[in-house]
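Chemist: Sending over a structure as structure tokens; questions will come in a sec.
Read the figures in this text as sums done on the coordinates, not as results from a lab. From a predicted model like this one, the values you see are computed outputs, not experimental measurements. When we count neighbours, we look across all protein chains shown, and the Cβ atoms used for this are built from the backbone with ideal geometry, even at glycine.
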Amino acid sequence: MQTILGASGQIARELARELGRGYTRDLRLVSRNPQPVNGTDTVQRADLLDAEQTRAAVAGSGVVYFTAGLPPDTRLWETQFPVMLRNALDASRAAGAKFAYFDNTYMYPQNGDRQTEETPFAPVGRKGEVRAQMATMVLAEMTRGDIPVLIARAPEFYGPGRTQSFTNSLVLDRLIEGRRALVPVRDDRCRTLIWTPDASRGLAALGNAADAYGQTWHLPVDDSGPTYRQLVVMAAEVFNREPRYTVVPKWLFAALGAVNPRAREIRELLPRYAHDNLFDASKFVERFPDFAVTGYREGLGVIASAAGRG
């Protein structure tokens with residue numbers, strides 16, 4: 001049996017769909033309010049902050065995927081994320097299950113250096129510190145060697161459904177609605193984004209490859225790395241909208257943060273929007289050469305169709 005912890009988010013639901021389609025009919029979805037994705041899924045309610053509930057949810061599993069998310073609230077991240085992860089690791093060790101950790105890049109330096117699996121951690125801000133702490137916890141479990149462990153890391157999302165990212169909310173969603181896109185800090189820096197279904201398909205491939213464990217992996221991306229200017233133009237063409245946007249400077253995010261919680265939460269990530277942000281997934285491509293990566297225009301077409309603009 002394979003088990004997804006934190007099974008309510010977009011990544012988890014796409015992961016469940018991919019696992020059910022190509023890997024297993026014995027899938028357990030775990031969250032506070034889980035809903036089945038495939039006809040054969042079992043669901044189990046559990047609060048990952050509770051060690052006993054987590055242990056019960058993982059019992060009998062062969063592979064455990066940690067995809068749990070939290071709202072972009074720094075206090076919640078600091079008080080809850082490490083506890084949830086520790087409970088998941090302890091439960092997986094008790095079950096003798098393989099552990100696949102879905103990670104992001106918040107702990108990487110916020111500069112223009114190309115990001116690889118060897119990039120050292122240099123977190124900026126409190127959420128970055130939390131993600132560095134969590135990744136270090138998983139690396140320690142990997143070194144411990146009691147169970148097979150892997151890390152699958154993704155850059156900023158864009159995608160369909162309930163995909164949550166600043167690019168979706170500030171740029172793509174606003175263009176779809178016929179509003180002016182809001183571009184953080186600069187429009188002339190290259191950015192690597194990951195299509196959320198590709199992230200989930202890549203995670204499924206890694207979780208079911210015995211030789212993937214004991215390693216960190218960057219999940220597959222279209223590495224053409226458009227600038228926000230190019231992305232707005234491309235999206236506007238696909239959505240049949242005008243390519244209108246405003247570049248929002250750092251000082252304005254700082255001012256808005258005083259009254260807007262969402263603006264306040266993006267502030268510590270703003271330095272990365274001042275530089276090229278290039279994510280290297282060549283290791284994954286070499287291991288899975290037949291993996292079909294979704295191009296930006298193709299992904300935008302799916303978003304347009306879902307919104308009735310295709």
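Chemist: Would you mind checking the tilt of helix 126-144 against the longest principal axis of the Cα atoms of the chain, expressed as 0 to 90 degrees and rounded to 10?
Modeler: 30
Chemist: Would you mind pulling out the separation of the Cα centroids of the stretch 171-207 and the stretch 57-92, in Å?
Modeler: Between the Cα centre of the stretch 171-207 and that of the stretch 57-92, the gap is 25 Å.
Chemist: Short version: ³J(HN,Hα) in whole Hz for each residue of the stretch 291-296, in order, from phi by Karplus 6.51 cos²θ - 1.76 cosθ + 1.60 (θ = phi - 60°), x for Gly and Pro, what are they?
Modeler: Calculated HN-Hα couplings, in order: 5, 8, 7, 7, x, 4 Hz.
Chemist: Kindly provide log₁₀ I(q)/I(0) values, in the same order as q = 0.13, 0.22, 0.28 Å⁻¹, from the Debye equation applied to equal alpha-carbon scatterers of the stretch 201-256.
Modeler: Summing over Cα pairs of the stretch 201-256 leads to -0.65, -0.87, -1.08.
Chemist: Follow-up question, since we're still on this one. Can you give the translational diffusion coefficient of the stretch 270-309 in µm²/s, computed by Stokes-Einstein from the Kirkwood radius over Cα pairs at 37 °C and 0.692 mPa s? Mind dumping the intermediate values first?
Modeler: On the way: Rh = 13.0 Å.
This corresponds to a translational diffusion coefficient of 253 µm²/s.
Chemist: Would you mind counting up the charge near Arg186? Only other residues with Cβ under 11 Å from its Cβ, with Lys and Arg at +1 and Asp and Glu at -1.
Modeler: +2
Chemist: Further question: Using the Karplus curve 6.51 cos²θ - 1.76 cosθ + 1.60 with θ = phi - 60°, work out ³J(HN,Hα) for each residue of the stretch 44-60 in order, rounded to whole Hz, and write x for Gly and Pro.
Modeler: The phi angles translate into 9, 6, 7, 9, 5, 6, 9, 4, 5, 5, 5, 4, 5, 5, 8, 3, x Hz.
Chemist: Counting pairwise Cα distances across the stretch 39-89, what percent come out greater than 18 angstrom?
Modeler: Working: 429 of 1275 pairs.
Of all Cα-Cα distances in the stretch 39-89, 34 percent exceed 18 Å.
Chemist: Just to be sure I follow: if Rg is taken over the C-alpha atoms of the chain and Rh is the Kirkwood radius over the same atoms, what is Rg/Rh?
Modeler: That ratio equals 0.96.
Chemist: How tilted is helix 228-239 with respect to the longest principal axis of the chain? Cα atoms for both, answer in degrees (0 to 90, nearest 10).
Modeler: 90
Chemist: Would you please give the residues with an amide H less than 5 Å from that of Arg191, counting only those at least 5 places away or on a separate chain, with H modeled from the backbone geometry?
Modeler: Placed amide hydrogens put Thr227, Asn277 under 5 Å from Arg191.
Chemist: I would also like to ask the following. Using a 10 Å cut-off on Cβ atoms, rank the peptides 89-101, 128-140 from the highest mean neighbour count down.
Modeler: 89-101, 128-140
Chemist: Sticking with this one: Given H placed on each backbone N at 1.01 Å, which residues far from Gln115 in sequence or on other chains put an amide H within less than 5 Å of it?
Modeler: Leu278, Phe279, Asp280
Chemist: Tell me whether the stretch 1-101 comes out rounded, prolate or oblate; compute the Cα gyration tensor, take square roots of the eigenvalues as a ≥ b ≥ c, and use a/c under 1.5 as the rounded threshold. Spell out each step's value before the answer.
Modeler: Numbers: a/c = 1.91, a/b = 1.33, b/c = 1.44.
Verdict is oblate for the stretch 1-101.
Chemist: Could I ask something else about it? Between rounded, prolate and oblate, where does the stretch 218-304 land on the alpha carbon gyration tensor, with a ≥ b ≥ c its root eigenvalues, rounded for a/c under 1.5, else prolate if a/b exceeds b/c?
Modeler: oblate
Chemist: As I understand it, the value is the acute angle between the Cα axis of helix 196-207 and the longest principal axis of the Cα atoms of the chain; what does it come to in degrees, rounded to 10?
Modeler: 30
Chemist: Now a separate question. Arrange the peptides 63-76, 36-49 so that the one whose residues have, on average, the most other Cβ atoms within 10 Å appears first.
Modeler: On the way: 63-76: 18.4, 36-49: 15.5.
Highest to lowest by the protection proxy: 63-76, 36-49.
Chemist: List the equivalent ellipsoid semi-axes of the stretch 79-204 in whole Å, largest first, each obtained as the square root of 5λ for an eigenvalue λ of the Cα gyration tensor.
Modeler: Here the semi-axes work out to 31, 17, 13 Å.
Chemist: Relative contact order (percent) for the chain, with alpha-carbon contacts under 8 angstrom and 6 or more residues of separation?
Modeler: The normalised contact order for the chain reaches 18 percent.
Chemist: Which whole-Hz ³J(HN,Hα) couplings does the stretch 174-188 yield from phi under the Karplus relation 6.51 cos²θ - 1.76 cosθ + 1.60, θ = phi - 60°, glycine and proline marked x?
Modeler: Ordered by residue, 3J(HN,Hα) equals 5, 5, 4, 7, x, 9, 6, 5, 10, 9, x, 6, 8, 9, 10 Hz.
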